[in-house]
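First the structure, in the form of structure tokens, and then the observations on it.
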Amino acid sequence: MKKVKTSRTERRFDSKTLLVTGGAGFIGSNFVHSMLKLYPNVRIVNLDKLTYAGNLDNLADIGCDPRHEFIRGDIRDRELVQNTFEHVQGVFHFAAETHVDRSIVDAGEFVLTDVFGTFVLLEALRRSPQVEFFVHVSTDEVYGSRDKGFFKETDPLNPSSPYAASKAGADRLAHAYFVTYGAPVVIVRPSNNYGPYQYPEKFIPLFVTNAMEDKPLPLYGKGTNVRDWLHVEDNCRAIELVARRGALGEAYNIGANDERRNIDVARRIVKLLGKSRDLIKFVPDRAGHDRRYAVNCRKLRALGWKTEIAFEEGLEKTVSWYVENESWWRKIKEQSAEFKSFYAEYYKDRK
Ligand code: NAD
Ligand code: DAU
């Protein structure tokens with residue numbers, strides 16, 4: 001493939017066919033919804049393996065939309081990926097193993113999906129000259145933890161968990177394909193997302209649904225770790241904008257700059273649900289638990305983005321969504337063997 005120059009020309013998506021990997025997961029499914037809403041003539045090919053975290057219920061309302069084609073498949077399947085790339089003009093790569101606690105128990109799938117899976121996609125990319133852009137969805141966790149200040153995109157990566165290290169590997173591999181082959185890669189590094197359709201193993205949906213069930217809310221350590229909470233709709237708007245206006249070869253941080261201690265979020269959740277704070281139970285800390293993530297988003301704001309959903313409002317909306325969609329999360333918590341077996345194993349020695 002010929003080396004592409006870094007350019008700031010606006011890319012257009014209408015009448016294009018776009019590949020979304022991991023589009024049955026939390027952010028991916030929200031992204032598919034937002035793109036179909038924004039672009040009447042877009043076509044989305046959604047490639048997802050449907051691991052424990054992938055869920056077709058997340059796409060139920062667009063099941064009959066002719067603009068959306070779902071392919072159940074693995075991003076590590078070279079032939080499938082190459083064939084799929086031949087029909088698309090742009091790629092949004094969300095598919096990954098994503099839960100830090102699972103990566104601590106067993107890192108293997110994280111390396112295989114997040115690093116090797118990304119490699120398979122990048123190989124297909126360099127053999128598909130008609131693909132105009134490839135948005136690689138990385139994470140703010142690649143920088144590691146810092147007590148004060150904010151990470152810029154040019155700061156060195158210093159990941160702590162096997163999950164974050166796998167994502168850092170994929171992030172740099174994507175960049176290497178830009179430098180070496182001129183592959184049209186642009187990287188985004190979002191902070192902690194929350195919102196509808198988030199698998200209930202992650203902090204906010206786990207705490208909301210446990211509180212609804214009057215079950216304990218397992219708060220790691222002292223609950224003083226800090227996360228920068230970004231509503232998933234704000235994240236999706238940022239990713240769409242970076243694909244449209246971002247410079248190839250560049251990375252863009254995405255954060256809300258709305259930092260909260262876990263204990264404060266937990267207290268807010270029980271308050272919103274009218275439950276007692278006694279449900280909050282301090283449990284042994286996560287191994288290698290990053291204290292704080294914080295990113296500088298000046299570069300993204302220069303493209304014309306700002307958050308539209310403040311945390312207080314977003315959390316209230318999110319809690320309401322889990323209250324109104326009880327059947328969605330009960331099906332996972334009560335019927336998913338993956339959900340139950342992980343928790344039985346994880347908490348065995350941590351009571
Ligand atoms: P998720 O776990 O909810 O969804 C991941 C999706 O990827 C699932 O649908 C799963 O079936 C699919 N998948 C996994 N392995 C696959 C494979 N081998 N082939 C095809 N599909 C596969 O994840 P999420 O929270 O929506 O995160 C999406 C992306 O955003 C990930 O790359 C993650 O690292 C990144 N990210 C997430 C957050 C967050 O707060 N959730 C923040 C920053 C970055
Ligand atoms: O920062 C972006 C990252 O955010 C993404 O790249 C990851 O895919 C995503 O999982 C998330 O990672 P975190 O580890 O920050 O998210 P999690 O929801 O697992 O935990 C948020 C905080 O809450 C963290 O400090 C650990 C704490 N926690 C989490 C769980 C699941 C608890 O105290 N108790 C819990 O049961």
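Are there any GluC sites (Glu not before Pro) in segment 67-129 that are in a DSSP loop and have at most 12 other Cβ atoms within 10 Å? List them by number.
Counting only loop positions with at most 12 other Cβ atoms within 10 Å, the GluC sites (Glu not before Pro) in segment 67-129 are GLU86.
Per q in 0.24, 0.28 Å⁻¹, report the Debye log10 I(q)/I(0) for segment 277-320, using one uniform scatterer on each alpha carbon and no solvent.
Cα-only, vacuum Debye calculation for segment 277-320: -0.98, -0.99.
Starting from the coordinates of the alpha-carbon atoms of segment 67-179, obtain the Kirkwood hydrodynamic radius over all distinct pairs and give the value in Å to one decimal.
When all Cα pairs of segment 67-179 are included, the Kirkwood radius is 15.0 Å.
Based only on the alpha carbon positions, what is the Kirkwood hydrodynamic radius of segment 181-242, in angstrom? Intermediate values should be presented prior to the final figure.
Details: mean 1/r = 0.0711 Å⁻¹.
In segment 181-242 this quantity evaluates to 14.1 Å.
List every residue whose amide H lies under 5 Å from the amide H of PHE92, counting only residues 5 or more places away in sequence or on a different chain, with H placed 1.01 Å from N in the peptide plane.
Those qualifying (amide H under 5 Å, at least 5 residues apart or on another chain) are LEU19, VAL20, THR21, VAL135.
Provide Rg and Dmax in Å for segment 129-258, with only Cα atoms included in the calculation.
16.6, 54
Over segment 175-327, what percent of the accessible surface lies on carbon and sulfur atoms, probe 1.4 Å?
Here it works out to 47 percent.
Along the charge dipole of the chain, Cβ charges K/R +1 and D/E -1, which of LEU38, ALA310, ASN55 sits furthest on the positive end?
ALA310
Please give the per residue volume of the convex hull enclosing the alpha carbon atoms of segment 1-131, rounded to a whole number of Å³.
It is 120 Å³ per residue.
What is the spread of the Cα atoms of segment 215-317 along each of their three principal axes, largest first, in whole Å?
48, 31, 18
To the nearest 20 debye, what is the magnitude of the charge dipole of segment 240-351 about its Cα centre, counting +1 on the Cβ of each Lys and Arg and -1 on the Cβ of each Asp and Glu?
280 debye
Given a cut-off of 27 Å, name the pairs among LYS49/LYS222; LYS148/LYS275; LYS49/LYS306; LYS49/LYS340; LYS202/LYS281; LYS167/LYS299 whose C-alpha atoms lie farther apart than that in the structure shown.
LYS49/LYS222; LYS148/LYS275; LYS49/LYS306
Taking only DSSP H segments of four or more residues, each worth -39500 (n - 2.57), what value at 222 nm results for the chain once the sum is divided by all its residues, to the nearest 500 deg cm²/dmol?
Computed ellipticity for the chain at 222 nm equals -11000 deg cm²/dmol.
If ILE27, ILE187 are ordered by their accessible area, calculated over protein heavy atoms with a 1.4 Å probe, which sequence runs from highest to lowest?
So the residues, ranked largest to smallest area, are ILE27, ILE187.
Which value, in debye to the nearest 20, gives the size of the charge dipole of the chain about its Cα centre, when Lys and Arg are +1 and Asp and Glu are -1 at the Cβ?
Values: 53 positive and 48 negative charges, 186 e Å.
Roughly 900 debye for the chain.
Taking every DSSP beta bridge that has both residues in segment 184-332, what percent is antiparallel when rounded to the nearest 5?
20 percent
Taking the radius of gyration and the Kirkwood hydrodynamic radius from Cα positions alone, what is the Rg/Rh ratio for the chain, to two decimal places?
That ratio equals 0.95.
ARG292's amide H: which non-local residues (gap 5+, or another chain) put their own amide H closer than 5 Å, with H modeled 1.01 Å from N in plane and none for Pro or chain starts?
ARG146, VAL226
With every protein chain left in place and a probe of 1.4 Å, what is the accessible surface of TRP305, to the nearest 10 Å²?
The value for TRP305 is about 10 Å².
Rounded to the nearest 20 Debye, what is the dipole magnitude of segment 76-118 about its Cα centre when Lys and Arg each give +1 and Asp and Glu each give -1 at the C-beta?
Result for segment 76-118 is approximately 100 debye, rounded to the nearest 20.
The values are calculated or read from the model by the stated rules, or taken from the named source; none is laboratory data. None of these values were measured; they are calculated from a predicted model. FYI the Cβ positions are ideal-geometry reconstructions off the backbone, even for glycines, and counts take in every protein chain you see. Protein only, heavy atoms only, side chains kept; ligands, DNA and RNA dropped before computing areas. Shrake-Rupley method; radii C 1.70, N 1.55, O 1.52, S 1.80 Å.
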